[in-house]
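Chemist: First, the structure itself, so that you have it in front of you.
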Amino acid sequence: METTETNVSEIIDKMKNLSKEDISLIKKAYDFSKKAHEGQKRYSGEPYFTHVFQTGKNLAEIGMCPPVVAAGLLHDTVEDTEVTDEDIKREFGDEILMLVEGVTKLGTIRYRGLKRHIESLRKFFIASANDMRVLVIKLVDRLHNMETLEHVPKEKQLRIAQETLEVYAPLAYRLGMRVLNNKLEDLAFKFVYPKEYSEITKILKQRSKEDIKYLEKVDRSLKKILAREGMRDVRTMYRVKGIYSLFRKLERKDKDINKIYDISALRIITKNIPDCYRVLGLIHSTWRPLPGRIKDFIAVPKPNGYKSIHTTIFTGNGGIVEIQIRTEDMHQEAEYGIASHIFYKSSKDQSEQAQSNRYWFERLVPGIMKNRKNQDEDFKKIANEKAPLWIKKMMDYSSVSESQEFLDDIREDLFQQRVFVFTPIGDVIDLPVESTPIDLAYSIHSDIGNHISGAKVNGKLMSLDTKLKNGDIVEIETKKTSKPTKKWLDYAKTTDAKRHIKAFLAENNVS
Ligand code: MN
């Protein structure tokens, strides 16, 4: 359980290489936010500030630079308190204002559980955050909201948990943030599939208890061997598979738990690559490996860039355990993804930061940056030189992937450039570029399309051939007497709208 006591030193202690200015920035953001949220309470009855405090602390923990941690502390001030954009700008400057505004903007999106909605929402997230760091703050914000979801009114719980499972967790996955991805999935799984959750938890508990017994034994023997060989820079840890990811894997393996070997694993973290192979040699000369389960993802990384050596061994007393061997760098990358790269060191160089942002957006949603094509070659060259290997691998999606889903996602993203518009109640709908209110009306329902009489774009009455822009709030007006004309065919961009209009005209003998 977390306490309601907060202390800024808990955040500062988690951060490395802070300058005097950095420390005073964190302290200032802490004090400012604490004062702004004074008197506000969470559903749990705790002071609201505990939420933003935890967000800031978790951002510090995953190695975010000072402006991001400060923005984490401030992320709810503009939306939920008297504080204005101008206050943030005056007190903290443009960079932090941009981050806080970005997070606030993402907070306005609502989730309705429609299949086509999910992909739109993911894309909208990426398209509307003009800095990758905004996404990271939003994900960490969601983590704490999920950790305290039990206090939220029942009718809201399911929606928030579903949104987490379908939108936020996959985003964390795409950003390579496996730890965060797992946490979000497991927290949401409990609310979305309570029955399955308790089943899997039971299986997992039982299995990992047995597994840990074997892991401990191997670990003890291995440490002796390593000491004898003079390898002192090696650390080990146990990892147990996430509950949701086990659930998914079980579904793929005919629900047969005995077909899954990696429920628990012993992780061995070394200083350098030669040591990985040395450790592998020592293990294989001590325990017998299972044939066909030795995978060298260091020599041949996974398409998503994952690097490690995996082997599965017979422990000699009836047990079978998986062992994963990797360097410290590989470990950071596998666990924290984008967070271990871009923000680990505070990047003072603004243009470098911007380039890296564009690079990531382009990787996540190819085509998003197309309108700036002339700069593209440049930035690709720079990004290529600077990009971590796993990202370069991600670009190469022609290679064979273990994850079909990942490939499908990328293909879908490649499809074409989209604009994202809102309905007045906050639904986000994605349409092809140059779509008009007519396309939007038909995408909601053919009846609405057939009777559209007007459209308000951002509160202003606009003509039906208005080209919609990203972020527009569009209200469709209908009249019983209103019906499609031949002109509408010129206005419509989507094949769906055109098809409906043509059908209507044919049926009513309009020529
Ligand atoms: Mn928040």
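Chemist: Using C-alpha positions alone, give me the convex hull volume of region 188-230 per residue in cubic angstrom. Numbers along the way, then the final one.
Modeler: Details: hull volume 2.8 nm³, N = 43.
Cα-based convex hull of region 188-230, divided per residue, equals 64 Å³.
Chemist: Another one. Using all alpha carbons of region 9-107, what is the percent of pairwise distances in each 5 Å bin, ordered from the shortest bin to the longest?
Modeler: For region 9-107, the binned pair fractions read 2, 15, 27, 25, 19, 9, 2, 0 percent.
Chemist: Let me ask something else. Take each of the peptides 71-84, 184-197, 315-328, average the number of other beta-carbon atoms within 10 Å over its residues, and list them starting from the highest.
Modeler: Highest to lowest by the protection proxy: 71-84, 184-197, 315-328.
Chemist: Please report, in Å, the Rg and the Dmax of region 147-209, where both are computed over Cα atoms only.
Modeler: For region 147-209, the Cα radius of gyration and maximum Cα-Cα distance read 12.6, 36 Å.
Chemist: Something else: List the trypsin sites (Lys or Arg not before Pro) in region 413-511 that DSSP assigns to loop (not H, G, I, E or B) and whose Cβ has at most 11 other Cβ atoms within 10 Å. Which are they?
Modeler: Counting only loop positions with at most 11 other Cβ atoms within 10 Å, the trypsin sites (Lys or Arg not before Pro) in region 413-511 are Lys479, Lys480, Lys486.
Chemist: Give the distance, in whole Å, between the Cα centre of region 432-487 and the Cα centre of region 44-105.
Modeler: The distance from the Cα centre of region 432-487 to that of region 44-105 comes to 37 Å.
Chemist: For Lys255 and Glu82 in the same chain, what is the full-extension length gain: residue separation times 0.36 nm, less their Cα-Cα distance, in nm?
Modeler: Extra length from Lys255 to Glu82 when fully extended: 57.0 nm.
Chemist: I'd like the per residue volume of the convex hull spanned by the Cα atoms of region 123-231, given in cubic angstrom.
Modeler: Taking only Cα atoms, region 123-231 has a hull volume of 143 Å³ per residue.
Chemist: Run the numbers for Glu91 and Ser482: contour at 0.36 nm per residue of separation, minus the present Cα-Cα distance, in nm.
Modeler: Numbers: separation 391, 0.36 × 391 = 140.76 nm, distance 5.29 nm.
The Glu91-Ser482 span can extend by a further 135.5 nm.
Chemist: Extension gain Glu147-Ile320, at 0.36 nm per residue separation less the Cα-Cα distance, in nm?
Modeler: Computed gain between Glu147 and Ile320 is 58.9 nm.
Chemist: With a point put 7 Å past each Cα toward its Cβ, work out how far Arg248 is from Lys467 in nm, to one decimal.
Modeler: Output for this residue pair reads 3.8 nm.
Chemist: Distance in nm between label sites at Lys456 and Glu10, each 7 Å beyond Cα in the beta-carbon direction?
Modeler: 4.5
Chemist: Using a Förster radius of 60 Å, what is the FRET efficiency between Ile448 and Lys295 based on their Cβ-Cβ separation? Nearest 0.05, please.
Modeler: Efficiency, rounded to the nearest 0.05: 0.70.
Chemist: For the ranges 151-157, 173-179, what's the packing order if you count other beta-carbon atoms within 10 Å of each residue, average per peptide, and put the highest first?
Modeler: With the highest mean Cβ count within 10 Å placed first, the list reads 173-179, 151-157.
Chemist: So what's the gap between the Cα centers of region 259-282 and region 197-226, to the nearest angstrom?
Modeler: Between the Cα centre of region 259-282 and that of region 197-226, the gap is 15 Å.
Chemist: If each of Ser19 and Lys224 carries a label point 7 Å out from its Cα toward its Cβ, how far apart are those two points in nm?
Modeler: So the label points at Ser19 and Lys224 sit 5.3 nm apart.
Chemist: So which chymotrypsin sites (Phe, Trp or Tyr not before Pro) in region 32-97 end up in coil per DSSP with only 14 or fewer other C-beta atoms within 10 Å?
Modeler: Tyr43
Chemist: Related question: Given the convex hull of the Cα atoms of region 235-287, what is a quarter of its surface area in nm²? Can you show the working numbers first?
Modeler: Values: hull surface 19.0 nm².
Mean orientational projected area (region 235-287, Cα hull): 4.8 nm².
Chemist: Past 22 Å, Cα to Cα: identify those pairs from Lys190/Lys255; Lys213/Lys302; Lys138/Lys202, in the order given.
Modeler: Lys213/Lys302; Lys138/Lys202, as the Cα separations exceed 22 Å there.
We did not get these values from a lab; they are worked out from the coordinates using the rules stated. Only a predicted model underlies this, so the values are computations on that prediction, with no experimental measurement involved. Reconstructed Cβ throughout: ideal geometry from the backbone, glycine too, with neighbour counts over all protein chains shown.
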